[in-house]
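Read-outs: derived from the displayed coordinates by stated rules, not from any lab. Because the structure is predicted, anything quoted here is derived from the model rather than measured. Counting neighbours? That spans all protein chains shown, and the Cβs are built from the backbone with ideal geometry, glycine included.
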Amino acid sequence: MKIIALEKEVTGVNDDQFTPAILKKESEKAWELHQAGIIRELYFRGDRHEAVLILECKDVDEAQAAVASLPLVKAGLIAFEIIPLIAYDGFERLFAE
């Protein structure tokens with residue numbers, strides 16, 4: 001199942017809490033999830049510095065567990081909205097009789 005995880009702001013978090021050490025751990029965990037085939041694509045939004053992850057998981061629970069394993073999430077510095085995707089079926093209208 002393809003899932004989008006959109007980072008959302010956590011109130012009360014200061015920029016100085018994003019230390020080089022925790023950011024390195026975040027990169028290492030993201031790389032591990034990428035190598036495992038869970039994170040398929042990883043971006044930052046163009047309009048603000050928030051992550052957008054494209055995940056491949058068996059279900060929403062697996063996706064939630066994956067993002068929960070990220071050090072920044074564990075530390076309460078970021079959170080994610082998990083959005084499951086389904087295939088677009090609108091093309092069926094082109095072939096309906």
Of the candidates Ile54, Ile22, the one satisfying the condition of being touching an Asp or Glu at 6+ places or on another chain (Cβ under 8 Å) and of a type in the set (Val, Ile, Thr) is Ile54
Going residue by residue through the stretch 43-56, is there one that turns out to be over 14 Å from Glu7 (Cα atoms) and over 14 Å from the mean Cα position of the chain (by Cα)?
no
So, in the stretch 70-88, exactly how many residues are within 18 Å of Asp59 (Cβ to Cβ), outside any strand (DSSP E or B) and touching a residue at least 60 places away in the same chain (Cβ under 8 Å)?
1
What do you reckon, is Ile78 over 13 Å from Ile4 (Cβ atoms) and under 11 Å from the mean Cα position of the chain (by Cα)?
yes
Go through the stretch 44-69 and give me each residue that's surrounded by fewer than 17 Cβ atoms within 10 Å (Cβ to Cβ), in contact with a Phe, Trp or Tyr (Cβ under 9 Å, 6 or more places away or on another chain) and outside any helix (DSSP H, G or I).
Glu50, Val52, Ile54
Residues (without any contact (Cβ under 8 Å) to a residue 60 or more places away in the chain, in a strand (DSSP E or B) and not basic (Lys, Arg)) located in the stretch 1-43:
Ile39, Glu41, Leu42, Tyr43
